[in-house]
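Here's the structure, in structure tokens; my notes come after.
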Amino acid sequence: GVDMAFDPRRMRSKLLALDAGGSIASETFPLIRRGQKAAAVSTFAVSSPVYRGARPAGVEERRRELIGYLAGVIELPALMAEAALRADANGLDVLVFDQEEKHRLIYSSAGSEPFQTDERDIALSVDVGGRPWQLVLRPRPGALAGESDTTPLLVLAAGALATLLVALAVARSLVIRRRLETPVLLSAKG
């Protein structure tokens, strides 16, 4: 029941989802809660089109049959909380970049420190609802001094990926649930 046409960044992902006929993630945007004086939280939305009946085959038919969008807003700090805790316990920082936005930093467990690459960084590319993200694990100065074993870094990278995949699975299940709850009208011939 919320008209998102006022925000071109969020509306763009909805229009892409309509044409694709599936779920698409938006770029990140600040979520400001009414009545709260806290700082805005970085979020993104995963949107899926909802049609009058079954998913139409073509783009033009999807545009005609659209009745709205089902969207889930995901807060980046909440999504990355467990990965950040695991990273912190191992002397690492987690950074997430949106590759579609010119490698823009969208999350950092290190705060607002400038990002400088290190040969010990581990980078993992992930598709998040059609958006290419890069997860980077960066050792803090002296955290891995003298260690050559990268197993803890690989385990942490897998944990960060698993966290993202679980969040996307939850968003996808909401979309599927909504589709199943939408009544489909069948016409009887004869």
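Using a 1.4 angstrom probe with every protein chain in place, what is the largest-first accessible-area order of M11, M80?
M11, M80
Calculated accessible area for region 8-111 comes out at 51 Å² per residue, all protein chains present (probe 1.4 Å; ligands, DNA, RNA ignored).
What number do you get for region 7-77 when its Cα radius of gyration is normalised by 2.2 N^0.38 Å, N = residues?
Expressed relative to 2.2 N^0.38 Å, the Cα Rg reads 1.27.
The accessible area of D93, taken with all protein chains in place and a 1.4 Å probe, comes to roughly 10 Å².
E82 sits with roughly 100 Å² accessible to a 1.4 Å probe, with DNA, RNA and ligands left out of the calculation.
The values are calculated or read from the model by the stated rules, or taken from the named source; none is laboratory data. Given the structure is predicted, the values throughout are model-derived calculations rather than measurements. Ligands, DNA and RNA are excluded from the accessible area calculation, which covers all protein heavy atoms including side chains. Shrake-Rupley method; radii C 1.70, N 1.55, O 1.52, S 1.80 Å.
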